[in-house]
Every structure is written in C-alpha cells, then in structure tokens.
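Undergrad: Before we start, here is the structure in question, set down as structure tokens.
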Amino acid sequence: MVRMSRTQALAHIAGGEYEQMRLREAPVLPAAGSGGVMSSKPLSRVERHSPVHVIAPPMTSSTHHALSSGDRLARRNAFILALATALAGANTTVMFATGAIVGAQLAPVRSLATLPISIFVVGLAAASLPVGMLVRRYGRRTAYQIATGAGMLTGLFGYLGVTLASFPIFCLATFSAGFYASAAQSYRFAAADTATDAFRPKAISWVMTGGVIAGVVGPQLVVWTKEALPPILFAGTYIGQAVVALIAGVIISFIDIPKPKAPPAGTIARPTSAYFRDRAFVTAVICGAATYMLMNFVMTAAPLAMIGCNHSIDDAAYGIQWHVIAMYAPSFFTGNLITRFGAPRIVALGLALTAISAVVALLGITVPHFYVALILLGLGWNFGYIGASAMVADTARPEERTRVQSVNDFCVFGVMAIGSFSSGQIVTTYGWDMVNWVVFPIVAIAFVALVMGSRRRQVAA
C-alpha cells in the first residue's frame, strides 16, 4: 500500500479522502458496541472504504448557557460603568447648562462667554492621552478613581469661581471638569475590554445608556440648587456636583477589568503614525470628530441663544436636559442596530439627523424649535458617535487597544475644542442662524469620508 504524505493528505480533507486514508492505515478502531460500551472490533472492508461523516452534538440549553456565560464579567462591568456614567455624565451636563451663562456674567467681554466651555473641551483633549497612560500603568479602576478626584475639584473650583466672581477660577473648574469627562468618555471602551467580539457593540451601547440618567440628574441639579445658597447663583449647584462625583467614585471602585497586558516579548509596537495609515481608523476618527464637534458646537451656543431670545434659564436648562436624554436614550438599542446593519450605516444615520436638526433650528426661535433641534442633535450624536466608537474598537489590536483609543479621543476632542472656541464668537457676532449653517459643510465632509471608506472596505473584501 502506498502511503500519502501529510501534505498530500491535508490537501484532500475537503473531499473526505484524508479520513479514508486514516482508516486504511488504522484498520482497528473503537466502535460503539451495545449499551454504549466501546469495543475494539476490526472494521470490515466496506467500513474501511466508506466515507466518515462527523455529526456535531445538538445545541442544548446547557451548551448555550456556557457560550453566553463568557460575557458574564463583561455584562457586570458594563452595568457598573453605566451607573458611573449616569453620575459622571451629570458633571458634563451641569457644565453645559451653566458654563456659558456664568461665563457671560464673569467674562470681561461678552465674546468670551463660551470660553469656559471651550476650556472644558481643552481639558477633554489634554487629558485623553494622560488618562490612557494611567490606564496602562495602573489599570482602569485606579485611573478612574484619580479622575474622580478631578470631578470633585470641579465642584470646589466652580463654587469658588462664582462666590469670588473670579473668571479664571471658574475656567479652572471647567478644565477640571474636562479632565474628569475625558476619563468618563473612555468608560465605553472599558466595557469593551472584557467583552467578546459579538457583545462588544452592545457593551459600548449599555454604558452609554447611563447618559439617560445623566440627562435628568444634571439639569435637575441645576434647577433645584441654582438658588440654594443665595445670593450667589449656582453656588449650591457646584457643591452638589462635587457630591455626585464622590458617589460616582465609590461606584467605579467595583469594576473588575484586568490591567492591560504588555505586548509579548519581541513585539514591536506600531508607531502612532501607523494608525493614520489605517483607512478604517481614519474614517472612524473623521466621523467621530465631526459628530462630536457639531454636537458640542451647537449645544454650547444654544443656552446663550435661548437667553438672547428672551427665554428663561429654566427653559435653557430643560432644553439641555432633553438634548442629553436624546443623546443617550437610543443606547438601549444602538448596539443591536450596529450588529444588524453595521456601524457605517448607523454613522450615516447620525450625520443625517444632525443635518436635520440644523434645518429645524433655522425654521424658528420658539422654545419648541430649540427643543426639537436639540433632541435631533442628540439623536444624531448617539448614532454617529457610538457607531464611530465601534469602528475604532474594531481597528485596534488587543495589545494596543488603550493607546488607539487614547489617540482617537485626542483627535476627536482636539477638533471639538476648535469648534467650541469658535462657537461663542459665531453666536455673539453672527447669531444663532450662522451656528446652524456651519453644520452642513462639516456633515458633508464626514459623509464623503464615510462613503470612501466603505468603498475601500468593499474592494478589499
């Protein structure tokens, strides 16, 4: 008998010849006997030359449970991170609801009214890389607890800023708030660390649902505490903000995420420039930056515009509340939509909603016009930003995930800072309408990048 080499045998696996060859070489094979007992009965000539069909065992409920239990830790972490997001997100909501109003009262000139919000965004961008380094060195839990300290300092500096009528101290408060918010923004990636590929979009989406609670907690904190320590407006609000940050720090201590593993010995880490040669990464960054920048650009100007249109502070606060709820409420199902339709389609939907929000804002300046525009803007941010985040997560290698995420956040928040700086100048110089006209060309640029990136993926496939 002529024996086949291993290479020849493997070449015939698909046709079943390899299994027949194995049987011919080993004519004695354990066969199932009566009662399920295995015997060593030699195979007949017919049995030795018959194809062998392997039948997989049926999927039982216990098997399904074993498969799904692989994400048990990821689900627990996502739940804890969602709660932490609910409280940490209130920090951001309070700043967006009050920052421009306080800025208008304390700034030496009115055109600097939105400077505190711009400095908040600078804090976001400036902290993105340091937060990533803290995560790599000490793990996510310790890094996030350090960031919680910045959240409590936000309340302290905010209180001092308004009681002492100090514009620089208040700007320091918003910078601290940005540092804290930068860490909170990475909660979505933290949830993905322990998740399987199938559960990762849902884990990100789960964490973002915490923003729904933040959308209620933040504005209500403003409404109920804005005059708690008269005669200083918002003094009680910033004290409450510090307390909320403290509670968030306690909650975040319960996460269980392993410290990122060091690359295997001999592994050469990709330089940062290599990330920008990855077209999928570049597309995700452009879409995420455009979505976030436009949301911040319009939302920063909205409270000032509402006050300028003779609407009340409460109207402005509730407008931000509905906006933030719209930002996070779809997160209950955004992960499922991404799984079903793909991240690029969901990003496209988000960009379209952002453009529609600008159309609504241009149609009128009544409270309903502001509210509907802000709600659509929030929905657009949710689909665009979560979709882009899922695209970023898919491009990262396991050993470089935190670094890729930090680079992405630095780019996104850097672009966002530019938009935030210009927002105050545009709304005070050219008005609310011009703020919304700026939306359309930026949405168009992001759409072009998304379409080109999708075509390249199709060609590569």
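Undergrad: Considering only segment 343-358, I want to know if a residue exists there that is within 23 Å of Ser111 (Cα to Cα), in a helix (DSSP H, G or I) and out of contact with any Asp or Glu (no Cβ under 7 Å at 6 or more places or on another chain).
TA: Checked against the condition, which is being within 23 Å of Ser111 (Cα to Cα), in a helix (DSSP H, G or I) and out of contact with any Asp or Glu (no Cβ under 7 Å at 6 or more places or on another chain), segment 343-358 yields at least one hit.
Undergrad: Being surrounded by 23 or more Cβ atoms within 10 Å (Cβ to Cβ) and not in a helix (DSSP H, G or I) is the filter here; which residues of segment 176-194 pass it?
TA: Matches in segment 176-194: Ser186 only.
Undergrad: Quick check: anything in segment 198-208 assigned by TED's automatic domain parsing to the domain that holds Asp394 and surrounded by fewer than 22 Cβ atoms within 10 Å (Cβ to Cβ)?
TA: Yes; the residues of segment 198-208 include at least one that is assigned by TED's automatic domain parsing to the domain that holds Asp394 and surrounded by fewer than 22 Cβ atoms within 10 Å (Cβ to Cβ).
Undergrad: Can you tell which of Thr291, Thr267 is of a type in the set (S, T, N, Q) and at pLDDT 90 or above?
TA: Thr291
Undergrad: Being at pLDDT 90 or above, more than 27 Å from Phe254 (Cα to Cα) and crowded, with 23+ Cβ neighbours inside 10 Å narrows it down to one residue among Tyr159, Tyr144; which is it?
TA: Testing whether each residue is at pLDDT 90 or above, more than 27 Å from Phe254 (Cα to Cα) and crowded, with 23+ Cβ neighbours inside 10 Å leaves just Tyr159.
Undergrad: Quick one: which of Ala214, Ala262 is under 28 Å from Tyr138 (Cβ atoms), at pLDDT below 90, among the aliphatic types (A, V, I, L, M) and in a loop (DSSP other than H, G, I, E, B)?
TA: Only one candidate passes the filter, namely Ala262.
Undergrad: Do any helices (runs of 4 or more DSSP H) entirely within segment 268-333 hold 3 or more residues that are among the polar types (S, T, N, Q), closer than 17 Å to Ala355 by Cβ and in contact (Cβ under 8 Å) with a residue 40 or more places away in the chain, and if so, which?
TA: By residue number, no helices (runs of 4 or more DSSP H) qualify.
Undergrad: For segment 106-132, which positions are without any contact (Cβ under 8 Å) to a residue 12 or more places away in the chain and assigned to a helix (DSSP H, G or I)?
TA: Passing the criteria: only Pro130.
Undergrad: Let me ask something additional. Of all the residues that make up segment 240-259, how many are in contact with a Ser or Thr (Cβ under 8 Å, 6 or more places away or on another chain), buried (at least 18 other Cβ atoms within 10 Å of the Cβ) and at pLDDT 90 or above?
TA: 7
Undergrad: Working only within segment 356-371, note down all residues that are of a type outside the set (Ser, Thr, Tyr) and either surrounded by fewer than 20 Cβ atoms within 10 Å (Cβ to Cβ) or within 18 Å of Lys202 (Cβ to Cβ) (or both).
TA: Residues satisfying the conditions are Ile356, Val359, Val360, Leu362, Leu363, Gly364, Ile365, Val367, Pro368, His369.
Undergrad: Look through segment 371-428, keep the residues that are among the aromatic types (Phe, Trp, Tyr) and over 13 Å from the mean Cα position of the chain (by Cα), and return whichever of them is nearest to Gly335 (Cα to Cα).
TA: Phe410
Undergrad: Across segment 430-461, which residue is surrounded by the fewest Cβ atoms within 10 Å (Cβ to Cβ) among those that are at pLDDT 90 or above and β-branched (Val, Ile, Thr)?
TA: Val448
Undergrad: Just to be sure, is Gly387 of a type in the set (Gly, Ala, Ser), at pLDDT below 95, surrounded by fewer than 20 Cβ atoms within 10 Å (Cβ to Cβ) and out of contact with any strand residue (DSSP E or B) (no Cβ under 8 Å at 6 or more places or on another chain)?
TA: Criteria not met by Gly387.
The values are calculated or read from the model by the stated rules, or taken from the named source; none is laboratory data. Keep in mind that what you see is a predicted model, and the values were worked out from it rather than measured. Reconstructed Cβ throughout: ideal geometry from the backbone, glycine too, with neighbour counts over all protein chains shown.
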